[in-house]
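Inspection log for the structure reproduced underneath, given as structure tokens.
The values are calculated or read from the model by the stated rules, or taken from the named source; none is laboratory data. Just so it is clear, the structure is predicted and the values come from calculations on it, not from any experiment. Cβ sites come from the backbone with ideal geometry, for glycine too, and all protein chains shown count toward neighbours. The area values use the complete protein model at the heavy-atom level, side chains included, leaving out ligands, DNA and RNA. Shrake-Rupley method; radii C 1.70, N 1.55, O 1.52, S 1.80 Å.
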Amino acid sequence: MEEIKNVKGTHDVYADENNAYEKVENLMKSIAEIYAYQGVRPPVLEHSPVFVRGVGEGSDIVRKEMYTFLDKGGRELTLRPEFTAGIMRLVVQNKLYATNELPLKLYYVGPVFRYERPQLGRYRQFNQFGVESIGHNSPLNDVEVIVLAYTILCSLGLENVKIKINTLGDEESRNNYRNALKAYFAGHIENMCVDCKSRFEINPLRILDCKVPEDRPIIEGAPKIGAYLSKDSQERFDQVLEALEALQIPYEINQSLVRGLDYYSETVFEFHYKSKEGNDYGAVGAGGHYGKLMSELGGPDLPGVGFSFGIERIVSVLKDDGLLEDVKNQLDAYIMPLDKESMIYAEEVAVILRNSGGYKVDMCFDNVKLGNMFKRAANKKAKFAIIIGENEVKEESVVLKDLAKQEQITVKVEELVDKFDELYEASYGEEEEEL
Ligand code: AMP
């Protein structure tokens, strides 16, 4: 029978790579918790209007990339292409804005789905981690979200993360700017790509996001948002930059940064990182402030700010830069029963070390020669071997061997956890990381 393969644009995560995902996600969650964010799990499936209204009809995501289908009950549903709109639906429906002090600070992690052309760093099912801080318009709220994202990237070991930042201004600024762009591109649009032609009709700001090389010189010559900002928006942006400087967060203003989702206003930003191998996976994360998203979804007129990281891209740059060496599967101890009669006692020893000692322990269930078991221990990168034969069962002891030092001792089982702690601390004590 023909082998069934995974769906195009999806990927399997297993072995050490799965450890990498766990490490990255756990670190992101733990830092978000320190910043007083709380986890939230919206469903993967939503009614399509959540995203059509939320992300915006003019966005590439809604126009071309959504996995939308009718379920057996005839409902039009969409697999989430991003989290923010679904979270806003959750907040509105459960009135979380009414029962909590604002801003409401939420984080999330999980898969999202976009029908894009698969390539380096681009999948159709990928994972995002992100936060939303909802219900406060302070520019410091934007700053805190940027600082959190930057702290996470630095804590993962990434050096020289580039933060690109821009402001899209308020509605008045954007209307003025849109008109200026329309006037400018009217003279060029004939010579631009088909996507830009439709962007010109739907939302000319989106043209600034075009990656087609032939279009870039035209785009470079377009008017810049800075000249069209209202006084309020200019002041707000200045306050954001001033706070970033006070906190010593490096940034680069990029006036072409517009983001692909329609809900953004005021501050927008992206995080870029090129791995030392030179691979450019695109932005590892991005986000911004949004004004009208909640009211678009039937809620009160509350603003928010958030960012989203692409976990696949972050794992790729960490892997390229050798920052995931510590996620290799390693055992603390491998238990080696020498004969069938020692098996049950060996299992008891394994359970004691796991449950009382908290050590990662595996055991050989096969009746194989000792040399073979040592090979298996080496394959599993075990730090210690525990050898159990007839004598040990009789004496209620074990032979405990430090595989790095190649030294062994006999230990009574009731002293095993204490002795193991002591030897482990002596050989590996300083390696253990916090967080
Ligand atoms: P966005 O929701 O488009 O702002 O994307 C946020 C982050 O998700 C980006 O900065 C990327 O790191 C990641 N991302 C977006 N699209 C993809 C994709 N197709 N495959 C993998 N990662 C992606």
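Net charge near Glu390, counting Lys/Arg +1 and Asp/Glu -1 over other residues with Cβ under 14 Å of its Cβ? Please list the in-between numbers first.
Values: positive: Lys340, Lys394; negative: Asp339, Glu341, Glu392, Glu395, Glu396.
With Lys, Arg at +1 and Asp, Glu at -1, the net is -3.
Give, as a single signed number, the net charge of other residues whose beta carbon lies under 13 Å from the beta carbon of Leu148, with Lys and Arg counted +1 and Asp and Glu -1. Before the final figure, lay out the partial values.
Details: positive: Lys29, Lys105; negative: Glu33, Glu132, Asp142, Glu144.
Around Leu148, the charge tally is -2.
I'd like the Kirkwood hydrodynamic radius of the stretch 148-187, using the inverse of the mean 1/r over distinct C-alpha pairs, in Å.
On the way: mean 1/r = 0.0763 Å⁻¹.
This gives a value of 13.1 Å.
Cut-off 10 angstrom, C-alpha nodes, Gaussian network model of the chain. Which of Gly58, Gly278, Gly358 fluctuates the most?
Of Gly58, Gly278, Gly358, the Gaussian network model singles out Gly358 as fluctuating most.
Write out the GluC sites (Glu not before Pro) in the stretch 55-157 meeting two conditions: DSSP loop, and at most 10 other Cβ atoms within 10 Å of their Cβ. Please list the in-between numbers first.
Working: sites: Glu57, Glu65, Glu76, Glu82, Glu101, Glu116, Glu132, Glu144; in loops: Glu57, Glu82, Glu101, Glu116.
Here the GluC sites (Glu not before Pro) that fit, given the DSSP loop and packing criteria, are Glu101.
Post the alpha-carbon centroid distance, the stretch 155-187 to the stretch 261-297, in whole angstrom.
11 Å
In Å², and per residue, what accessible area does the chain have when probed at 1.4 Å with the other protein chains present? Don't skip to the answer; put the middle values down first.
Details: 21890 Å² over 435 residues.
The answer is 50 Å² per residue.
Hey, what does the equivalent ellipsoid look like for the stretch 330-434, semi-axes from the Cα gyration tensor as sqrt of 5 times each eigenvalue, largest first, whole Å?
So the equivalent ellipsoid measures 21, 16, 12 Å along its semi-axes.
What is the pair-distance distribution P(r) of the stretch 207-329, computed from all Cα-Cα distances in 10 Å bins starting at 0, with each bin given as a whole percent?
10, 31, 35, 19, 5, 0
Hey, what's the Cα Rg ratio for the stretch 107-163 versus the globular rule of thumb, 2.2 N^0.38 Å? Numbers along the way, then the final one.
Numbers: Rg = 14.4 Å, N = 57, 2.2 N^0.38 = 10.2 Å.
For the stretch 107-163, the normalised Cα radius of gyration is 1.41.
Quick one: net charge of Lys412's neighbours, Cβ under 9 Å, K/R +1, D/E -1? Before the final figure, lay out each step's value.
Values: positive: Lys419; negative: Glu395, Glu396, Glu414, Glu415.
Value of the local net charge: -3.
For the stretch 361-435, which chymotrypsin sites (Phe, Trp or Tyr not before Pro) are in a loop by DSSP, counting at most 11 other Cβ atoms within 10 Å? List each step's numbers first, then the result.
Values: sites: Phe365, Phe374, Phe384, Phe420, Tyr424, Tyr428; in loops: Phe365.
In loop regions of the stretch 361-435 (DSSP not H, G, I, E or B), the sparsely surrounded chymotrypsin sites (Phe, Trp or Tyr not before Pro) are Phe365.
Taking the Cα atoms of the stretch 16-55 alone, what are Rg (to one decimal) and Dmax (as a whole number) in Å?
Taking only Cα atoms of the stretch 16-55, I get Rg and Dmax of 14.7, 40 Å.
Under 13 Å Cα to Cα from Lys369, which aspartates and glutamates show up? Leave out anything in the same chain fewer than 8 places away.
Hits, sequence-local ones excluded: Asp339.
What whole-number distance in Å separates the alpha-carbon centres of the stretch 77-96 and the stretch 317-354?
Using only Cα atoms, the two centres lie 41 Å from each other.
Looking only at Ala404, Ala32, Ala186, which one moves most when the chain is put into a Gaussian network model with springs between Cα atoms under 10 Å?
Greatest mean-square fluctuation among the candidates belongs to Ala404.
Determine, at each q value in 0.10, 0.13 (inverse angstroms), the log₁₀ of I(q)/I(0) that the Debye formula gives when each Cα of the chain is one equal point scatterer.
Results for the chain at q = 0.10, 0.13 Å⁻¹ read -0.81, -1.13.
Calculated from DSSP H runs of 4 or more alone, at -39500 (n - 2.57) each and per residue, what is the 222 nm mean residue ellipticity of the chain, nearest 500?
-11000 deg cm²/dmol
Antiparallel versus total DSSP beta bridges in the chain: what percent is that, nearest 5?
Details: 54 of 66 bridges.
So the antiparallel bridges amount to about 80 percent of the total.
Given a 1.4 Å probe and every protein chain left where it sits, what share in percent of the accessible area of the chain is carbon and sulfur?
On the way: 10560 of 21890 Å².
Within the chain, the accessible surface is 48 percent carbon and sulfur.
Stokes-Einstein at 4 °C, 1.567 mPa s, Kirkwood radius from Cα pairs: D for the stretch 4-93 in µm² s⁻¹? Could the numbers behind the result be given before it?
Numbers: Rh = 15.6 Å.
Estimated via Stokes-Einstein, D reaches 83 µm²/s.
Kirkwood hydrodynamic radius of the stretch 267-412 from all distinct Cα pairs, in Å?
Numbers: mean 1/r = 0.0512 Å⁻¹.
It works out to 19.5 Å.
So which residue, out of Lys380, Lys340, Lys182, gets the largest mean-square fluctuation from a GNM of the chain using Cα contacts under 10 Å as springs?
Fluctuation is largest for Lys340.
How big is the accessible area of His11 in square angstrom, nearest 10, if you roll a 1.4 angstrom probe over the protein chains?
Probe radius 1.4 Å; accessible area of His11 about 50 Å².
If you restrict to DSSP beta bridges whose two residues both lie in the stretch 330-434, what percentage is antiparallel, to the nearest 5?
On the way: 10 of 18 bridges.
In the stretch 330-434, DSSP labels about 55 percent of beta bridges as antiparallel.
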